[in-house]
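Student: One structure is given below, represented as structure tokens, and several questions about it will come after.
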Amino acid sequence: MWPHESPLLMLPHVENELLIASAGGNPPTAAALPELMVLEDIPLMDTLARTLRTLNSNQLADVASVVRTYPIIDMSHSATMNQVGPADMSTTNKVTVNVTLKWTKYAYRPATNGDSPPNNGTGTGGKNHDNTNHKRITTIEPWKLPPGQAYAERFRKQANEGWWLVLGDPTRNRLAGLQRVAFQVSQNTASPTVTASVKAKFEITDPALLPAQLRDGEPTPHWCLYLMSDVYVGLDQQQDVAV
């Protein structure tokens, strides 16, 4: 997949031709997956039916079940600046950015139409799930995925979720920090969701990496903090970091 393509292409039964047909022949626009992920069952099915008008009810249930497998991540941060160095010598600004991520995912979600879970190639579902004509892996059952494993049928092998925190100054196109974060997930079978939290820290002392506004003495220096996935498309997040 390319950045300009719709994130809906990650979902089962969805191809560019279907999106164009559903849009009345117009180029497909990128749908906001995070907005779909927080909908209750009935609004989710209604929204999918309006967006993917050529899919039947079983196929829409497949799509809804996969949407339920995507993790919801809450990101928060705090930033502080201190001066470091001996009192009798020139001091250096040190900026510390603390980041907290909370990862939440449904442990199990049945198909929303009340039928059996998605067939993924074992029953009806259209030509997209005919293994003789379709090169995707269609045997993954999303409701059975272990926590941390991604539903990514366009990959040719099992894919685990990968997440990166990126801190940078967009005004100068300069990278200040990069960290890979991993969620240690343990599933409680009595709970409908699984959760995990992780904390990360950036400490920046190099003057060349400080935001341009801070170096120039302007009052509201800031970076941008990004959370990026190396598996999913459309789930990245961005926040301004005021120092």
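The values are calculated or read from the model by the stated rules, or taken from the named source; none is laboratory data. Only a predicted model underlies this, so the values are computations on that prediction, with no experimental measurement involved. A quick note on method: Cβ atoms are made from the backbone with ideal geometry, for glycine too, and the neighbour counts reach across all protein chains shown.
Student: Among the residues of the range 142-157, which ones are in a loop (DSSP other than H, G, I, E, B) and at pLDDT below 80? Before the answer, list the steps.
Tutor: Residues of the range 142-157 in a loop (DSSP other than H, G, I, E, B): 145-148, 150-157.
Those that are in a loop (DSSP other than H, G, I, E, B) and at pLDDT below 80: 145, 146, 147, 148, 152, 153, 154, 155, 156, 157.
Student: Another question, if that's okay. Is there any pair with a first residue in the range 38-54 that is farther than 18 Å from residue 17 by Cβ and a second that is modelled with pLDDT under 85 whose Cβ atoms are under 6 Å apart and which are 6 or more apart or on different chains, and what are they?
Tutor: 41/112; 45/112
Student: Residue check: is residue 61 touching a Ser or Thr at 6+ places or on another chain (Cβ under 7 Å), modelled with pLDDT of 85 or more and small (Gly, Ala, Ser)?
Tutor: Details: touching a Ser or Thr at 6+ places or on another chain (Cβ under 7 Å): yes; modelled with pLDDT of 85 or more: yes; small (Gly, Ala, Ser): yes.
Here the answer is yes, as residue 61 does meet what is asked.
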